[in-house]
C-alpha cells in the first residue's frame, strides 16, 4: 500500500526590521544541542508556540498575548524561557514586553528538516 505524502506547510520568514533591541541571552548556533531542542519541544504547548510562530507570524516578532493562550503569565514566562534557552526562539525586550521569533536560519543550519517536522505536526483538537 503506497503511503500518501503530506505537504509540509511553508514557514513564514519575515525580514528583520531596523533598530531592534539586543536579544536576550541565548545559546550560540554552534552550541545548539539536539537533545535540548527535543526536550523543549516535548511539551505540546511549546511545540504549539513554535509551530504558530513558523506558520502564522504577522510581524517579525510577537508578544505572549498574540498567542491567545489561557495560561497564567508565570507559566507562559517559563515556557518561553525554556524555548529561548534551548535555542529555538530569540527574544527581545521592548519596554515591558518580550517578543519572540523562531531562529529559523540557525536551526535549519544545525538541524536540517527539524522545522519541517514541527510545521507538519498536527495539534490535538
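Just so you know, all these numbers are worked out from the coordinates, no wet-lab data involved. Note that the structure is a prediction, hence the values are computed from the model and not measured. Counting neighbours? That spans all protein chains shown, and the Cβs are built from the backbone with ideal geometry, glycine included.
A few points about this structure:
- In this rough spin-label picture, where each label sits 7 Å from Cα along the Cβ direction, the residue 78-residue 104 distance is 3.1 nm.
- Cα-projected label distance for residue 29 with residue 92, points at 7 Å along beta-carbon direction, nm: 1.8 nm
- Note on residue 66 and residue 22: the extension gain reaches 13.7 nm, defined as 0.36 nm multiplied by sequence separation minus the Cα-Cα distance.
- Compared with the direct C-alpha span, the chain from residue 10 to residue 116 gains 37.3 nm at full extension, assuming 0.36 nm per residue.
- Comparing mean-square fluctuations of 23, 72, 44 from a GNM of the chain with C-alpha springs under 10 Å, the top value falls on 72.
- Legend: Rg and Dmax of the chain, from Cα coordinates, 14.6, 56 Å.
- The residues 116, 19, when put in order of fewest to most other Cβ atoms within 10 Å, stand as 19, 116.
- Highest GNM mean-square fluctuation among 75, 100, 57, for the chain modelled with Cα contacts below 10 Å: 75.
- Residue of 88, 41, 76 that the Gaussian network model of the chain assigns the largest fluctuation, springs spanning Cα pairs under 10 Å: 76
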